[in-house]
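Remarks on the structure that follows.
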Amino acid sequence: MIPLEHWLYLSGMVFTLGLCGVLMRRNVILVLMSIEIMLNAANLALVAFNKYLPPDPATGATAPDGQVFVFFTIAVAAAEVAVALAIAMALFRRLDTVNVDDVANLRW
Amino acid sequence: MGDALFYVFGALMVLFTFLTIRARNPVYSAIFMILSFASTAALFVMLDAFLLAAVEVLVYAGAIMVLFLFVIMLINLRAAEHDGLRVSPLVVLVALTFLLLLGRGIADLGPVPAGANELVGTPQLVAKTLFTRYVVPFEAVSILLLSAILGTVVLARRSGEA
């Protein structure tokens with residue numbers, strides 16, 4: 001049986017890689033992908049916690065709350081990516097760039 | 001056998017994630033990201049979250065990835081290319097500090113349950129919880145998705161079109 005900590009270490013490693021991607025890449029699409037990776041790492045930790053949660057003494061069963069949270073996270077991530085990619089498209093059309101360093105102003 | 005698979009898929013997930021953030025060409029990044037999410041789906045199966053493994057492949061590796069590839073190909077690829085990792089000492093310091101703090105936090109977690117419970121995330125079980133205790137957030141998500149659709153259409157429209 002894998003200890004819970006190992007799942008969390010894996011999740012933490014992937015999350016840190018996603019953080020590195022956000023900090024080190026300048027292409028806005030890659031920054032978005034890194035954010036998705038971080039969300040995914042958090043999802044893994046949620047499912048792992050749910051699997052190791054002690055059962056409810058009243059019913060003797062464990063509720064799949066963590067898995068339901070992940071379901072919501074995936075839905076929010078899908079909505080977020082659609083809007084963010086539309087912004088990236090509008091950005092490219094207007095400024096001809098996808099480099100986040102070139103986009104320092106909030107409006108033109 | 002099952003324990004070895006955890007380390008195999010865990011190593012694959014870390015490897016593909018690293019290749020995703022490192023690849024110069026955004027299309028390669030997208031492909032490596034699919035593989036990273038496929039490894040995550042395999043890990044979900046190992047945690048008995050069968051519905052989530054299927055949803056992960058459908059939504060992430062299917063829908064979101066197609067969206068990414070479409071936008072990469074709509075945006076001029078040559079402009080987006082030649083952007084590798086920009087490694088600066090400050091960023092490395094921030095990432096290492098974050099990793100260390102996270103590791104310390106997990107190590108100091110206190111007493112954790114040693115064994116897994118009997119929870120198996122079948123569609124029936126997850127759906128029952130989703131449509132009873134979490135029915136209001138579920139409806140809120142449907143409103144969120146609708147507003148995301150509207151926002152995306154408005155944002156992606158060329159300026160000047162009606």
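Tallying residues that are at pLDDT 90 or above and at the interface with chain A (Cβ under 7 Å from one of its Cβ atoms) within the stretch B:72-94 yields 1. A residue that is closer than 20 Å to B:Ala23 by Cβ and basic (Lys, Arg) can be found somewhere in the stretch A:23-32. The number of residues in the stretch B:116-152 that are among the aromatic types (Phe, Trp, Tyr) and more than 21 Å from the chain's Cα centre (by Cα) comes to 2. For the stretch B:1-47, filtering for residues that are touching an Asp or Glu at 6+ places or on another chain (Cβ under 9 Å) and either polar (S, T, N, Q) or at the interface with chain A (Cβ under 7 Å from one of its Cβ atoms) (or both) leaves 6. In the stretch B:95-108, the residues that are not assigned by TED's automatic domain parsing to the domain that holds B:Phe18 form Cβ pairs under 6 Å with partners that are small (Gly, Ala, Ser) and assigned to a helix (DSSP H, G or I), at six or more places apart or across chains, as follows: B:Leu102/A:Gly12.
Taken as a whole, the structure leaves A:Leu39 outside the set of residues that are open to solvent by 10 Å² or more (accessible area, probe 1.4 Å), in a helix (DSSP H, G or I) and over 21 Å from A:Leu85 (Cα atoms). Identify all residues within the stretch A:52-76 that are more than 7 Å from chain B (Cβ to nearest Cβ) and surrounded by 19 or more Cβ atoms within 10 Å (Cβ to Cβ); write none if there are none. If the condition is that a residue be more than 7 Å from chain B (Cβ to nearest Cβ) and surrounded by 19 or more Cβ atoms within 10 Å (Cβ to Cβ), then A:Gly66 is the only one that fits. Based on what the data block shows, is A:Thr59 in contact with a Phe, Trp or Tyr (Cβ under 9 Å, 6 or more places away or on another chain) and more than 30 Å from B:Ile149 (Cα to Cα)? Taking the combined requirement at face value, the residue does not satisfy it.
Might you let me know whether the stretch A:80-99 holds any residue that is more than 7 Å from every other protein chain (Cβ to nearest Cβ), of a type in the set (A, V, I, L, M) and within 18 Å of the chain's Cα centre (by Cα)? Within the stretch A:80-99, one or more residues are more than 7 Å from every other protein chain (Cβ to nearest Cβ), of a type in the set (A, V, I, L, M) and within 18 Å of the chain's Cα centre (by Cα). Taken residue by residue, the stretch B:11-22 has at least one member that is open to solvent by 10 Å² or more (accessible area, probe 1.4 Å), at pLDDT below 90 and closer than 18 Å to A:Ile35 by Cβ.
The values are calculated or read from the model by the stated rules, or taken from the named source; none is laboratory data. Computed from a prediction, not measured in an experiment: that's the story for all the values here. Every residue, glycine as well, gets a Cβ built from its backbone with ideal geometry; the counts of neighbours run over all protein chains shown. The accessibility values were calculated without ligands, DNA or RNA, using every heavy atom of the protein model including side chains. Shrake-Rupley method; radii C 1.70, N 1.55, O 1.52, S 1.80 Å.
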